[in-house]
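Student: I have a structure I would like to understand better, so I am pasting it below and will then ask my questions one at a time.
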Amino acid sequence: MIQRISYLAQLQQWIDSPLVKILTGIRRSGKSTVLLLLKETLIQKGIPEDSIITLNFESFTTEHLKNATSLYAHLANLMRNGQKFYVLLDEIQEVQEWEKVINSLLVDYTVDIYITGSNSHLLSSELATYLAGRYVEISIYTLSFNEFLEFTATYQNLSSSSKEAFLSYLRKGGFPLVHTANYEEQAIYKVIRDIYASVLLRDTIQRYKIRDIELLERVIRYVFDNVGNTFSGKSIADYFKSQYRKTDVNTIYNYLSALEGAFILYRVSRFDIKGKEILKTQEKFFVSDVSLIYAMMGYRDRMISGILENIVFLELKRREYQVYIGKLDTREIDFIAEKQGKRIYVQVAYKLDSEATVEREFSPLLAISDQYPKYVVTMDEFWKEDVQGVKHLQIQDFLLA
């Protein structure tokens, strides 16, 4: 099993803390594997294996434990007072009233609890009620470019230049499962369509009791087709109206919220750099993995700029940045990323193939007066000249930096 070092590092700082550790992310992003890696880490630290309880609620072997009473009784039977136990519960949202179990374990036993879940809204609403201030959330994403290189080297014995490897990453995305062997693209997209169908049905349609599935899929296609563009729920409703498909704006927003909850989409707000405030209109939505777009809509060259933005956005999130879209007067900065009081600015483009493109990408960054790092990230092969302190990086170098 390949170590996903960044997530283990985040988890290790919380081992034995009184907080519940929650791993969240889209299905098949690797949460279960991180939980198993954590178990190995605990054993390496000298914790007896019989003090570690692991349950996966996607397994049929746990079917009889999917309500609060039976799960609590099962765990209580395994634990003894006076001894500390480490409880690892995978896909906890499959258990009815699971939050009551977690709360009772904290009260009744000496435990260190780790749970995973595939629906952020479900987790946050219940935890806000029962565990306010007593949990920490760790987001798990599909493979970074660096992890992709490790997977392909390990499972496929492939070694290639970073440029060639990035082109493969660009087309195949980062779901770990599809990189455990050298699958053809069409086989990969079939697997991803199955993942997408499962997420859509179990974590979106069933969870939010959505009846108009055809409308939901139209919303998804609109968002996928506009990755990298700013728009609003009203923009989608107006588009549907032009297609003779009337719908309520509130319904659109509810569907977008449900898709965020299932980690299919991430919403990014705009930030007014001069006014120093978050704007509530014309957001961007990015996809949890670009392969979802190809699997549902095919690969389209015209979308390359938005796809590259999506990849950079996910990398910034993996590095634990708070990410915004920047607004400076009438100009847009693709990303303002903040962490621990520091900030970076990032512009993303396909290629700087004309003076007009260079002007468009560099001028917004040059107009910002602070001294935080500023980057223009592209797929250009040769042009690497920096401009007045604004660094130009090839995207594979940015992802590996």
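Student: Just how much of residue 248 is accessible, in Å², when a 1.4 Å probe is used and the result is rounded to the nearest 10?
Tutor: The value for residue 248 is about 80 Å².
Student: With r as the distance between the Cβ atoms of residue 36 and residue 96 and R0 = 22 Å, compute the FRET efficiency 1/(1 + (r/R0)^6) and round to 0.05. List each step's numbers first, then the result.
Tutor: Details: r = 25 Å, r/R0 = 1.15.
It comes to 0.30.
Student: Okay, next question. For the chain, give the percent of accessible area contributed by carbon and sulfur heavy atoms, probe 1.4 Å, rounded to a whole number. Don't jump to the answer; show the numbers that get you there.
Tutor: Working: 8920 of 18530 Å².
Using a 1.4 Å probe with all protein chains present, the chain comes out at 48 percent carbon and sulfur.
Student: Something else about it: Which of the listed residues, 236, 316, 175, is farthest toward the dipole's positive end in the chain, when Lys, Arg count +1 and Asp, Glu count -1 at the beta-carbon?
Tutor: With unit charges placed on the Cβ atoms, the residue in question is 236.
Student: Based on the Kirkwood radius over alpha-carbon pairs, what is the Stokes-Einstein translational diffusion coefficient of region 190-298 at 4 °C with 1.567 mPa s viscosity, in µm²/s?
Tutor: Working: Rh = 14.6 Å.
My calculation gives 89 µm²/s for D.
Student: Also, quick follow-up: Once you have a ≥ b ≥ c as the square roots of the Cα gyration tensor eigenvalues for region 1-143, tell me rounded if a/c is under 1.5, and otherwise prolate or oblate according to whether a/b is larger than b/c. Don't skip to the answer; put the middle values down first.
Tutor: Values: a/c = 1.35, a/b = 1.10, b/c = 1.23.
Cα axes put region 1-143 in the rounded bin.
Student: Say a paramagnetic label sat at a point 7 Å from the Cα of residue 81, along Cα to Cβ; which residues of region 94-112 have their backbone N under 17 Å from it?
Tutor: Only 104-111 fall inside the zone, counting backbone N under 17 Å.
Student: Under the classification rounded if a/c is under 1.5, otherwise prolate if a/b is larger than b/c and oblate if not, where does region 290-351 fall, given a ≥ b ≥ c as square roots of the Cα gyration tensor eigenvalues? List each step's numbers first, then the result.
Tutor: Working: a/c = 3.01, a/b = 1.58, b/c = 1.90.
Since a/c reaches 1.5 but b/c is at least a/b, the shape of region 290-351 is classed as oblate.
Student: Determine, from the Cβ-Cβ distance of residue 367 and residue 162 and an R0 of 25 Å, the FRET efficiency 1/(1 + (r/R0)^6), rounded to the nearest 0.05. List each step's numbers first, then the result.
Tutor: Details: r = 32 Å, r/R0 = 1.26.
Here the calculated transfer efficiency is 0.20.
Student: Give, to the nearest whole percent, the P(r) tail of region 112-255 beyond 28 angstrom, counting all Cα pairs.
Tutor: Numbers: 4253 of 10296 pairs.
Summing the P(r) of region 112-255 above 28 Å gives 41 percent of all pairs.
Student: Moving to a separate point now. Roughly how many Å is it from the Cα centre of region 291-325 to that of region 235-267, as a whole number?
Tutor: Going from one Cα centre to the other spans 19 Å.
Student: Rolling a 1.4 Å sphere over the protein heavy atoms, what is the accessible area per residue of the chain, to the nearest Å²?
Tutor: Working: 18530 Å² over 401 residues.
Result: 46 Å² of accessible area for each residue.
Student: Determine ³J(HN,Hα), in whole Hz, for all residues of region 196-208 in sequence, where each value follows from phi through the Karplus function 6.51 cos²θ - 1.76 cosθ + 1.60 and θ = phi - 60°; x replaces Gly and Pro.
Tutor: 4, 4, 5, 5, 5, 6, 7, 9, 10, 5, 6, 5, 9
Student: Moving on. Got a sec to turn the phi values of region 24-35 into Karplus ³J(HN,Hα) couplings, 6.51 cos²θ - 1.76 cosθ + 1.60 with θ = phi - 60°, whole Hz, x for Gly and Pro?
Tutor: Couplings: 10, x, 4, 4, 6, 8, x, 4, 4, 5, 4, 5 Hz.
Student: Based solely on its DSSP helices, what 222 nm [θ] is calculated for the chain when runs of n ≥ 4 H residues each add -39,500 (n - 2.57) and the sum is averaged over all residues, nearest 500 deg cm²/dmol? Show your work: numbers first, answer last.
Tutor: Values: 15 runs with 167 residues, N = 401.
Rounded to the nearest 500, the figure is -12500 deg cm²/dmol.
Student: Measure up 39/317; 276/339; 45/84 against 20 Å on the Cα-Cα distance and list the ones that go over.
Tutor: Details: 39/317 25 Å; 276/339 16 Å; 45/84 14 Å.
Over 20 Å Cα-Cα: 39/317.
Student: Another one. Using a Förster distance of 56 Å, how high is the FRET efficiency between residue 69 and residue 354, based on the Cβ-Cβ distance and rounded to 0.05?
Tutor: Working: r = 67 Å, r/R0 = 1.19.
The calculated FRET efficiency here is 0.25.
Student: Could you give the alpha-carbon Rg of the chain over 2.2 N^0.38 Å, rounded to two decimals?
Tutor: Values: Rg = 22.4 Å, N = 401, 2.2 N^0.38 = 21.5 Å.
Dividing the Cα radius of gyration by 2.2 N^0.38 Å gives 1.04.
Student: Rounded, prolate or oblate for region 286-401? Axes are the square roots of the Cα gyration tensor eigenvalues, ordered a ≥ b ≥ c, and the cut-off for rounded is a/c under 1.5.
Tutor: Details: a/c = 1.69, a/b = 1.23, b/c = 1.37.
The shape class here is oblate.
Student: Okay, moving on. Apply the Karplus curve 6.51 cos²θ - 1.76 cosθ + 1.60, θ = phi - 60°, to the phi angles in region 143-156 and return the couplings in whole Hz, x for Gly and Pro.
Tutor: 4, 6, 4, 4, 5, 4, 4, 5, 5, 5, 5, 7, 8, 10
The values are calculated or read from the model by the stated rules, or taken from the named source; none is laboratory data. Please read these numbers as outputs of a predicted model, since none were measured by experiment. Counting neighbours? That spans all protein chains shown, and the Cβs are built from the backbone with ideal geometry, glycine included. Areas reflect the complete protein model, heavy atoms only, side chains present, ligands, DNA and RNA absent. Shrake-Rupley method; radii C 1.70, N 1.55, O 1.52, S 1.80 Å.
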